[in-house]
Ligand code: ATP
Ligand code: MG
């Protein structure tokens, strides 16, 4: 009897030594959450892999050596997966393995240009070594199908992995999203505009294991309600990679109007950004985020020169992470297409940062003159008023998670950290 399952191999987790169990548990959590939408699956922990098995599976529920689109989507949203193979679990007796392998070869090796048996053992007590298995099974397949064996880049790799309780057979390995499991990298706060780059920046930080929340600066009534809806759609897409995500919507029109009335037009973009930094930093501190994330890329637009970036980041005491800093615009677009945010990002929307800004904004801002302009209005009062009027949206359900050290993860304190208003 066969059972179909999917074996999941880890990305980079080998680097983490003693923390491996903790990282594996986070990946298991992601997989359990994501596969729930794809059907009644359970996730089992193996020695160097995780295995996703259909609850009632005896074959029919997963197509042989394929995964459903729902399952594929679940895996591509679980960072920490290096690759995965749909597989067949069979009893370990060599006779059973042989007949299964021959049957698989009839379907997948016959007619191919080359093949290889990739045998391995998690259980070193098994009477046959990996080499014994490869030679024995390879010879039988060759004798029947006359397909040449090839060690390097064969057309078909037939995997035979011996586990303590069964053998796992596979013919296909699919690349996963890579990275580290969400929940292992600390919390960060993304400045999410409606553009192409910031959703990509958020995705990249989640891929490095960070828990992500987002903040959007909303210039209603100067901008249309569609601009905000677009950001909510993008936030919902990003939230699919983790158990839950908060999106703070900060009313920004009053701040912008005040700056417009007191500052030279060419400085407005830098000044808007400094106000965004200050407000985002307050929200980050409340929510336990250790850094801010932006979609900025060096030289891409006038506001993104080194001079301006440094004057902008001066307004926050937190590290500003810019995963797209060295990206070409096209790199960002490619990634946005790949993760599925591009179509939403290119819907027409007005960027609050272009409000009231003349055609040639400052490209080489300096700190002292910028601070001098800011002394003309009450920065703290503007920041406090904006934070107080901030609205919080929540996607998904925050998990209750215990650190190995015993301290509670920040996600569990979500409700206490809600900004007033
Ligand atoms: P994006 O494509 O993310 O909008 P961009 O290349 O268009 O980026 P800018 O519009 O100059 O560049 O914005 C730079 C960064 O500032 C954005 O990536 C985002 O992180 C942040 N940002 C800009 N506008 C907003 C906003 N209204 N709300 C939140 N963050 C914003
Ligand atoms: Mg933009």
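Just so you know, all these numbers are worked out from the coordinates, no wet-lab data involved. Only a predicted model underlies this, so the values are computations on that prediction, with no experimental measurement involved. Cβ placement follows ideal geometry from the backbone for every residue including glycine, while neighbour counts extend to all protein chains displayed.
Only helices enter this figure: runs of n ≥ 4 DSSP H residues, each worth -39500 (n - 2.57), summed and divided by the residues of the chain, yield -11000 deg cm²/dmol at 222 nm to the nearest 500.
By the compact-protein rule of thumb, 2.2 N^0.38 Å, the alpha-carbon radius of gyration of the range 5-175 corresponds to a ratio of 1.05. Helix 329-339 and the longest principal axis of the C-alpha atoms of the chain enclose an angle of approximately 50°. Protection proxy ranking of 236-244, 362-370, 279-287, by the mean of other Cβ atoms within 10 Å over each peptide's residues and highest first, is 279-287, 236-244, 362-370.
With respect to the chain, whose longest principal axis is taken over its alpha-carbon atoms, helix 268-287 is tilted by about 60°.
Values of log10 I(q)/I(0) for the chain across q = 0.07, 0.10 Å⁻¹ run -0.44, -0.76, by the Debye formula with one identical scatterer at each alpha carbon and no solvent. Exposure proxy for 43, 182: other Cβ atoms within 10 Å of each Cβ, ordered fewest to most, give 43, 182. For the range 342-396, the C-alpha radius of gyration sits at 1.64 times the compact-globule guess of 2.2 N^0.38 Å, with N the residue count. Between the helical axis of 130-145 and the longest alpha-carbon principal axis of the chain there is an angle of about 70 degrees.
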